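The values are calculated or read from the model by the stated rules, or taken from the named source; none is laboratory data. This one's a predicted model, so the numbers in the text were calculated from it and none came from an experiment. In this analysis, Cβ positions are derived from the backbone assuming ideal geometry, glycine residues included, and neighbour counts consider all displayed protein chains. We work out accessible area using only protein heavy atoms, side chains counted, and drop any ligands, DNA or RNA first. Shrake-Rupley method; radii C 1.70, N 1.55, O 1.52, S 1.80 Å.
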Amino acid sequence: MPSKGSVVTESISINEKSLLETVWDLLDADDELSDEAKYVVIAALDSDESLSEQLGGGSVAHQRPDTTQVVQEPAGSFLREIRVAGFRGIGPEASLTITPYPGITVISGRNGSGKSSFAEALEYALTGQSYRWKNKAKLWADTWRNLHHGEPCEVRVDFTTENGPKTSIGAQWPDGAELSQAQHWSQREGEKRQIGVDALGWSTAIEIYRPILSYDEIGGLLEQEPSKLYDALDKLLALDEVQDAETRLNAEYAERRRPRKTAKDAVTALKKAVVGVDDERAAALAKLVRSRTPDLDAIAGLVAATDSTEHATVAALQAIASMDLPDTDTAATIATGLRDALGNARTLADDAMRTAEQRSDLLRRALEFRSAHDDDAPACPVCGEGVLTVDWETHAREAIAADDSQLAMYREAQRNVREREQAARHLFESLRDVTPVDGTELPSLAAYRDAFAAASAVPEVVEDLPSHIETHLPPLTDALAALRTETANSATELQDVWAPIAEETLEWLALERRARDTDATVMVIEEARKWVQENSQRFRAQRLAPISEGARTIWSQLRQESDVEISEIALEGKRTHRKAVLRGHVDGKPAGALSVMSQGELHALALALFLPRATTAASPFRFIVLDDPIQAMDPAKIDGFLNVLSELAVTRQVIVFSHDDRLATAIRQQSIDAHLIEVTRESGSRLVVKNAEEPARRYVDDAFAIVADENVPDDVKRRACPGLFRFAIEAAARQVYFTRCNVDGQPQRDTEVRWAEAKSATACVALALHGATDADLSGWKSWRQYRRPAMAIATKGVHKGATIGKDDVRDLRKTVDDILEQR
């Protein structure tokens with residue numbers, strides 16, 4: 001595919017890079033797909049902005065990902081400790097400490113011991129929910145707070161991280177809070193605590209590489225309808241980029257093809273409108289629009305030839321026909337009201353009223369004069385003889401009050417006259433004259449204009465207004481009604497069938513031009529959209545292949561005595577027809593795998609399906625937590641399950657919660673290197689967590705059993721026991737060294753390389769205690785008298801043999817304990 005420039009990708013995950021490489025390979029190999037469509041595909045996979053810029057004609061740079069670069073795995077995190085208080089079956093704070101490096105850890109406890117509460121607490125701290133409660137009745141979720149010791153209620157999970165600081169996450173519930181009101185937090189050592197866990201960048205990874213599987217979740221995966229299993233598997237494929245690209249292209253296609261659809265609907269309606277029309281222009285238009293690609297310029301010229309004067313005349317006539325008629329009823333009411341107001345005002349406006357107004361004014365001035373003098377009875381300022389006493393003031397105020405009442409009535413009558421006069425004059429101000437329309441005779445126009453002129457001669461004297469309204473407005477209304485009817489009829493006669501067709505044609509022309517502007521882009525989008533739809537199944541198959549292969553490999557170990565063989569795992573269909581298909585053979589005959597499996601086989605198959613994705617190199621989680629995975633397994637499948645765990649434990653920290661001791665027993669019987677932890681519950685929901693057995697101490701117990709067994713020949717004891725001494729000391733040293741390195745954030749691979757360089761028990765202990773294989777241990781050996789003999793048997797005795805008694809094994813036990821104390 002040709003390059004249009006270069007682009008720098010700042011950060012890209014393993015899955016994203018693999019997908020882009022696949023897309024580029026397929027695009028390069030596709031000679032039928034246009035370059036424009038190829039660029040659109042790449043842009044759609046990138047983002048909404050990139051696709052919009054590409055379709056908008058912008059200069060977008062695309063470049064094949066650099067496949068020569070070595071993609072580093074993300075820094076892995078191991079579980080170190082889970083601390084829980086007041087949550088589910090745990091009352092007072094309990095702590096579960098786990099060796100933070102690859103290996104198997106089994107946490108056993110009877111039903112109700114509270115062991116699964118640790119798993120649920122971890123799941124809730126990481127994801128904010130628990131699958132066990134997800135589909136249960138509300139009562140189940142309401143019992144999340146411990147009944148005996150529900151406050152404080154909190155969860156804390158500590159992780160070690162390769163090449164990084166120790167990390168902690170947690171959830172806290174205030175007193176009385178609901179489950180959903182948890183306050184989630186996260187914190188890297190040396191940094192401030194953050195709200196939520198998004199700052200760790202695990203939000204997407206926890207969905208794709210989910211490292212926690214409970215019995216309920218395992219069982220539910222295959223018991224639901226095929227579409228649910230399809231969705232669960234599809235999520236694991238991390239094909240969000242393809243789905244997002246398809247969504248973006250579908251949205252762009254729907255939006256950008258809308259102009260074409262609108263134009264198509266418009267031309268269809270136009271073709272119907274010109275059928276049977278007796279007009280030369282309509283016939284010519286019908287011929288033009290029948291073409292596969294109509295000539296828009298020719299059609300526009302045809303429409304433009306329409307007589308513009310005719311359109312102007314019709315518009316003028318329609319304007320007259322739409323004039324509003326005066327409301328004669330309202331006019332009559334205004335005239336009557338004005339006449340009545342004038343009569344009332346005349347009645348009140350006599351000489352006595354004017355005298356009262358003058359007297360009232362004079363008395364007010366006299367009162368003001370009296371108030372302005374300190375003398376209680378000043379002389380009258382008018383006659384100079386009378387005296388303005390208190391009695392006079394009282395009498396004057398009573399007279400003013402009587403005059404004010406009459407004056408108020410008079411003023412109200414005057415205001416009423418003014419308002420009605422204004423309304424009367426407004427009747428005539430709203431009228432408008434009509435000028436002649438060129439080229440059209442309107443006989444009623446002269447009568448209207450005469451009536452308008454007469455009505456517009458509004459008298460100045462208000463008393464003449466009522467009669468003017470009653471005399472001139474009704475004739476004007478009748479004349480306008482006649483004129484409106486005449487102009488409406490004339491407009492109808494002038495407006496022939498071509499005018500609406502011409503208008504409809506102009507509208508379609510605008511739509512068609514817009515559609516042609518987007519047609520080329522729509523074709524490219526459609527081409528890219530079909531390519532993504534057709535190839536998404538190829539992407540899906542590519543991503544599913546390693547998971548399917550891993551699942552079949554795991555199933556081959558888990559099936560043991562099962563007659564069901566898995567031959568194919570596929571995701572078929574899409575949307576409402578999507579389904580996950582598991583094909584297989586039963587005793588050599590083809591069959592649907594799910595339909596012939598027992599409950600235990602279904603659980604084993606669910607593990608086989610989802611363990612490969614949880615252990616992919618792209619996952620930042622170097623741990624897998626399985627809660628009661630063997631609950632429905634028979635003994636044969638437990639042996640196969642242990643084989644699977646042992647292989648996973650080479651690179652993963654495998655943590656298994658189990659309600660019975662079958663798994664622990666199988667580990668002991670097969671001498672599998674694993675840490676065994678027991679959880680018991682005391683009164684008040686108090687949990688006791690203790691190491692039931694560690695690899696180093698198990699070797700000590702094995703050595704003691706051989707020494708104490710009188711049926712074992714002495715020469716066998718001489719040759720076998722030194723090897724057990726060495727295994728015990730090296731196992732203890734390994735546990736100390738790996739724990740310390742992971743807590744310090746050192747890369748797991750570097751830790752394993754340095755450990756491999758320790759070729760003897762002495763070197764292993766030196767590396768564990770001092771960080772160097774050649775460190776001097778003489779002081780450490782001399783500090784406790786039992787250490788040197790135990791180390792001698794573990795080194796020289798391995799090569800030469802040694803006679804070992806029970807005291808020697810006791811020295812070994814104390815030496816191992818001393819080493820393990822350094823964790």
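Output the DSSP H helices from the chain with an along-axis C-alpha extent of no less than 24 Å and a mean Kyte-Doolittle hydropathy no less than 0.0.
Values: long enough: 328-348 (31 Å, 0.05); 351-372 (32 Å, -0.86); 390-429 (57 Å, -1.07); 465-494 (42 Å, -0.07); 498-558 (83 Å, -0.56); 714-743 (43 Å, -0.15).
Helices meeting the criterion: 328-348.
Run the quick spin-label model on Glu752 and Glu189: label points 7 Å from Cα toward the beta carbon, then report their separation in nm to one decimal.
Going by the 7 Å Cα→Cβ label model, 2.2 nm.
In square angstrom, what is the accessible area per residue of the range 580-679 with a 1.4 angstrom probe?
32
How many nm is it between the label spots at Asp660 and Gln422, if each spot is 7 Å from the Cα in line with the beta carbon?
If labels sit at Asp660 and Gln422, their model points lie 9.9 nm apart.
With the Cα gyration tensor of the range 675-823 in hand, convert its eigenvalues to equivalent ellipsoid semi-axes via √(5λ) and list them largest first in whole Å.
26, 23, 13
Once fully extended, how much extra length lies between Thr336 and Glu460, figured as 0.36 nm per residue of separation less the alpha-carbon to alpha-carbon distance?
Once the chain is fully extended between Thr336 and Glu460, it gains 42.8 nm.
Expected output is a single nm value to one decimal: the length gained when fully extending between Arg110 and His577, i.e. 0.36 nm times separation in residues minus the C-alpha distance. What is it?
Details: separation 467, 0.36 × 467 = 168.12 nm, distance 4.35 nm.
Difference between extended and current length: 163.8 nm.
Please state the shape class of the range 611-763: rounded when a/c is under 1.5, otherwise prolate if a/b exceeds b/c and oblate if not, all from the C-alpha gyration tensor.
Oblate, because a/c is 1.5 or more while a/b does not exceed b/c.
Compute the FRET efficiency between His148 and Glu207 as 1/(1 + (r/R0)^6), taking r as their Cβ-Cβ distance and R0 = 45 Å, and round to the nearest 0.05.
Calculated value: 0.85.
So what is the calculated 222 nm ellipticity per residue for the chain, using -39500 (n - 2.57) for each DSSP H run with n of 4 or more, over all residues, to the nearest 500 deg cm²/dmol?
-19000 deg cm²/dmol
In the full protein assembly as shown, how much of Arg749 is accessible to a 1.4 Å probe, in Å² to the nearest 10?
Result for Arg749: roughly 150 Å² accessible.
Ignoring ligands and nucleic acids, what accessible area does Val387 show with a 1.4 Å probe (Å², nearest 10)?
70
Check cross-link reach from Lys272 to the lysines: straight Cα distance under 23 Å, and skip same-chain residues fewer than eight apart.
Hits, sequence-local ones excluded: Lys261, Lys264, Lys287.
Find how much the distance from Asp198 to His799 grows on full extension, using 0.36 nm per residue of separation minus their present alpha carbon separation; answer in nm with one decimal.
210.9 nm
Rounded to the nearest percent, how much of the accessible area of the chain (1.4 Å probe, protein heavy atoms only) is carbon and sulfur?
49
Go through 409-421, 607-619 and give me the packing order, highest mean Cβ count within 10 Å leading.
The densest-packed peptide leads the list: 607-619, 409-421.
If I compute semi-axes √(5λ) of the Cα gyration tensor in Å from the structure I just sent, which labelled value in [x] 93, 44, 27; [y] 109, 39, 26; [z] 96, 49, 24 lines up?
[z]
For the pairs Lys579/Lys637; Lys228/Lys530; Lys115/Lys690; Lys717/Lys806; Lys235/Lys579, note any where the Cα-Cα span goes beyond 20 Å.
Going by Cα-Cα distance, Lys579/Lys637; Lys228/Lys530 fall outside the 20 Å limit.
What distance in nm separates the simple spin-label points at Asp450 and Ser291, each placed 7 Å from Cα in the Cβ direction?
For Asp450 paired with Ser291, the spin-label model returns 5.8 nm.
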